[in-house]
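S.K.: Would you mind keeping the following structure in view while I ask a few things?
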Amino acid sequence: MAAIEISSVSKSYTGDALAVDNVDIEIEDGEFIVLVGPSGCGKSTLLRMVAGLETITEGEVKIGGKVVNKKDPAERDIAMVFQNYALYPHMTVYNNLAYGLKNRGTPKAEIAARVNEAARMLELEPYLERKPRALSGGQRQRVAMGRAIVRKPAAFLFDEPLSNLDAKLRVSMRGEIKHLQKRLGTTSIYVTHDQLEAMTLADRLVVLNGGKIEQIGTPLDVYHKPASTFVANFIGSPAMNLVEGKLTGGQLMIGDNSMQFSSAPPADGPVTVGIRPEDLQPTTGTGIKARLDYVEELGATRLAHCMTDGERLTAALSPEIPLADELTFAVLPEKVHFYDHATGKRLSNA
Amino acid sequence: MHKTTFSDHLILLFGVFIMVGPIFVAFMTSTHDAIDVHMKGLQVAWGDDFVDTYKEVLTKKGGFTGDVTGARMVMNSFILGIGFAVGKIVLSMLAAYGLVYFRSRFSTLFFWMIFTTLLLPLEVRILPSYDVMTKLGLVNTYTGLIVPLLASATGTFFFRQFFKSVPDELLEAARIDGAGPFKFFIDILVPLSKTMIAAIFIIMFVYGWNQYLWPMIMTNEESFYTLVRGIKQILLVWVGSQIPEYNQAFALAVLAMLPPVLIVVIFQSWFIKGLTESDK
Ligand SMILES: Nc1ncnc2c1ncn2[C@@H]1O[C@H](COP(=O)(O)OP(=O)(O)OP(=O)(O)O)[C@@H](O)[C@H]1O
Ligand SMILES: [Mg+2]
């Protein structure tokens, strides 16, 4: 177990664009960090630099206080779980788990003890003598986890370990991973492009975009105070509504609708306004007027897709609320997010 | 699906007859004695000289110097076939390993250089190869017989394609598990290549077993004779009014055919097993 420090780390593959651009993350001992972002944003690259599978172009990675830039993956005391599991196909489950320990010269008796302990923890005991091809996807996933656990490494690195599983299994494995990590207390870095997985697993989230960090924070922080329109759009499903608005001294205009703020950000002129779908509630009083376009039923909630002055607004409503062609939505002032029109950065409305 | 009819079987049986017929005749002829064969020609019935002929072929000292027996020739053929196949597999696996996993800037260039040696089979370079072997004093040695034939562009090519299809994550997982280049090769790649190795072993063993030109040039001591060469030798030694030992020649031919057939039959079951339960 160890803290991991990533300081000013950059990566360029061919000398042109940066796949990872000047990233700083400090990970505490025992913390579960999730790297999340769209495809190609550099999550895997960053993780692989920590693992030692990719050279670090610039910056420093420290594991347990020691710079590991020049160290081999095997010397970094980390374990990695791959998306396609990367189990050794010709070895039994037992040997898959034991291989890393054998290579480190661990005594036979201890290998057996550790493998059996991991197998018990992951309910793999009946399968120890099987080859990976005779296992289901979920069981293979567990073997991959087991291979990481037996080594008792300083850190676990996960690269989209659940994306080859079906939706239901993914949810249950997600729970198991979280549970296991809490129980073992091993520092973990987990890569995913699934924002829901990121929210549910993370102690802290790192949202990446184009190789740069957009925001680091706890899931609730990131959800309630997205640092940029990118994060606002990426985290949360259905995505946050982002519409054009105009601020003039505490008064916000969205099309013809006007709202008064006592503590609006000190900016005048065009802004991007963010409102979460669940923060839009129908009212009989004044508010944002919208015309209902179409409805999606999700069971517990219902998504009402509306138009207001050429802007799209989605509201998550309780199914009990009767719908009409014309709706008026009220929003609490503290639930309105303001973003700089040009840079997309959050404007504080503290 | 097409339903097999009687005429389908007829066609297949005819094919079997065409292919197996000559071998059957050769075997049957080898069970008669030389005089019989000389007078009555090829035989299709069982004679009563089976034991005598084969015993004589395997144990009789033959040739001019009289220091080579059939058994010795069988052994030489095995040394050539196995040495050839194993050497080719080891060399081409190592070459492919280097080409695929130690990506140097020139690895593509090297690969194509190796590949162009396909255009230079033994027959083309036989004089320089012989010259080198003479200067190294390797004429009439197993080393001289085997080593110059070991470089294999085909083997390298097959193993290269196979290694390329092994997922990168396997290498990465092994690296994290503390396996260096040597361990990765022995513990992961070689076991994964089992079926590939079996396939190439079959091809190369048969190829080595059937070598004729190179052994003829490299060895002139009769104790190095292989079966394939020995057959001709038997027909050459008849002198004067002596009746050629056709039965023995046929017996040698049957013996020469047997090991490659057995190798194919034995390895084929592995081969099919490997193909049906994909290991990757
Ligand atoms: N070996 C490589 N050589 C050159 N460019 C690469 C290489 N690997 C990745 N890249 C580039 O680096 C960028 C980041 O890739 P990376 O694999 O880290 O993305 P990712 O966030 O993991 O995406 P995904 O969610 O699709 O896995 C991409 O633009 C990709 O094209
Ligand atoms: Mg990735």
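S.K.: Compute the distance from the alpha-carbon center of the range A:109-123 to that of the range B:67-141, in whole Å.
M.R.: 47 Å
S.K.: Across the range A:187-273, what fraction of all alpha-carbon pairs, as a whole percent, falls in each successive 5 Å bin from zero upward?
M.R.: Spelled out per bin, shortest first, that is 3, 13, 21, 18, 15, 12, 10, 6, 2, 1, 0.
S.K.: If you average the C-alpha positions of the range B:189-214 and of the range A:151-222 separately, how far apart do those two centres end up, in angstrom?
M.R.: Centre-to-centre distance over Cα atoms comes out at 48 Å.
S.K.: Still on this structure, please answer the following. For chain A, report the translational diffusion coefficient in µm²/s to the nearest whole number, using Stokes-Einstein at 10 °C, 1.306 mPa s, and a Kirkwood Rh over Cα pairs.
M.R.: The Stokes-Einstein estimate is 70 µm²/s.
S.K.: For the protein assembly as shown, with only Lys/Arg (+1) and Asp/Glu (-1) charged at the beta-carbon, what is the dipole magnitude about the Cα centre, in debye rounded to 20?
M.R.: Here the size comes out at about 1560 debye.
S.K.: Pull out the extension gain between A:Asn22 and A:Thr57, defined as 0.36 nm times the separation in residues minus the alpha carbon to alpha carbon distance; nm, one decimal.
M.R.: Extra length available between A:Asn22 and A:Thr57 comes to 11.6 nm.
S.K.: Same structure, new question: For the range A:133-263, what does the convex hull of the Cα positions come to per residue, in cubic angstrom? Walk me through the intermediate numbers first.
M.R.: Numbers: hull volume 20.3 nm³, N = 131.
About 155 Å³ per residue, rounded to a whole number.
S.K.: If you put +1 on each Lys and Arg Cβ and -1 on each Asp and Glu Cβ, how big is the dipole of the range B:67-278 around its Cα centre, in Debye rounded to 20?
M.R.: 340 debye
S.K.: Which one, B:Ser193, B:Ala153, B:Ile231, is farthest towards the positive end of the dipole of the range B:67-278 when Lys and Arg carry +1 and Asp and Glu -1 on their Cβ?
M.R.: Going by the Cα projections, it comes out as B:Ala153.
S.K.: I've got another one for you. Using a 10 Å cut-off on Cβ to Cβ distances, tally the other chain neighbours for every residue of A:64-74 and report the average as a whole number.
M.R.: Counting other chains' Cβ atoms within 10 Å and averaging over A:64-74 gives 2.
S.K.: Next up: Normalised by the number of residues in the range B:67-278, what is the relative contact order in percent for Cα pairs under 8 Å and 6+ residues apart?
M.R.: 35 percent
S.K.: How much FRET efficiency would the formula 1/(1 + (r/R0)^6) give for A:Ser348 and A:Lys152, where r is the Cβ-Cβ distance and R0 is 51 Å, rounded to 0.05?
M.R.: For A:Ser348 and A:Lys152, the calculated efficiency is 0.70.
S.K.: Take chain A, connect every pair of alpha-carbon atoms lying under 10 Å apart with a spring to form a Gaussian network, then pick out the residue of A:Ile254, A:Ile216, A:Ile149 with the largest mean-square fluctuation.
M.R.: In this elastic network of chain A, the residue with the biggest mean-square fluctuation among A:Ile254, A:Ile216, A:Ile149 is A:Ile254.
S.K.: I need the shape label for the protein assembly as shown. Rule: rounded when a/c is under 1.5, else prolate if a/b > b/c, else oblate, with a, b, c from the alpha carbon gyration tensor.
M.R.: prolate
S.K.: Continuing with the same structure: Considering the dipole of the protein assembly as shown built from charges on the beta carbon (Lys and Arg +1, Asp and Glu -1) around the Cα centre, which of B:Tyr130, A:Ser10, A:Leu205 is farthest to its positive end?
M.R.: B:Tyr130
S.K.: Quick one, what does Rg over Rh come out to for chain B if you take C-alpha atoms and the Kirkwood Rh?
M.R.: Result: Rg/Rh = 1.06.
S.K.: In addition: Can you pull the mean other chain C-beta count within 10 Å for peptide B:177-186?
M.R.: 4
S.K.: With just the Cα atoms of the range A:52-152, tell me how far they stretch along each of the three principal axes, in Å, largest first.
M.R.: 46, 29, 22
S.K.: Under a GNM of chain B (C-alpha, springs under 10 Å), which listed residue has the highest mean-square fluctuation: B:Ala174, B:Ala151, B:Ala198?
M.R.: B:Ala174
S.K.: Which Cα, out of A:Leu242, A:Ile27, A:Gly185, lies furthest along the positive dipole direction of chain A (beta carbon charges, K/R +1, D/E -1)?
M.R.: A:Gly185
S.K.: Could I ask something else about it? Per residue of the range A:51-59, what does 6.51 cos²θ - 1.76 cosθ + 1.60 with θ = phi - 60° give for ³J(HN,Hα)? Whole Hz please, x for Gly and Pro, Karplus curve as stated.
M.R.: For the range A:51-59, the Karplus curve yields 6, x, 8, 9, 6, 9, 6, 8, x Hz.
S.K.: Additional query: Classify the range A:1-126 as rounded, prolate or oblate from the Cα gyration tensor: take a ≥ b ≥ c as the square roots of its eigenvalues, call it rounded if a/c is under 1.5, otherwise prolate when a/b beats b/c and oblate if not.
M.R.: prolate
S.K.: Turning to a different aspect of this structure: For B:Thr108, what is the net charge nearby, where nearby means another residue's Cβ is under 14 Å from its Cβ and Lys, Arg count +1, Asp, Glu -1?
M.R.: Residues close to B:Thr108 contribute a combined charge of +4.
S.K.: A further question on this structure: With springs only between Cα atoms under 10 Å apart, run a GNM on chain B and tell me which of B:Val124, B:Val261, B:Val57 wobbles the most.
M.R.: In the Gaussian network model the winner is B:Val124.
S.K.: Among the listed pairs B:Lys60/B:Lys88; A:Lys131/A:Lys168; A:Lys152/A:Lys178; A:Lys62/A:Lys152; A:Lys246/A:Lys289; A:Lys102/B:Lys194, which are separated by more than 27 Å between their Cα atoms?
M.R.: Going by Cα-Cα distance, B:Lys60/B:Lys88 fall outside the 27 Å limit.
S.K.: How would you classify the range A:249-350 from its alpha-carbon gyration tensor, with a ≥ b ≥ c the square roots of the eigenvalues: rounded for a/c under 1.5, else prolate if a/b is greater than b/c, otherwise oblate?
M.R.: prolate
Throughout, read-outs are computed from the coordinates displayed, never taken from laboratory work. Predicted model only: the values in this text are computed from it and were never measured. Cβ sites come from the backbone with ideal geometry, for glycine too, and all protein chains shown count toward neighbours.
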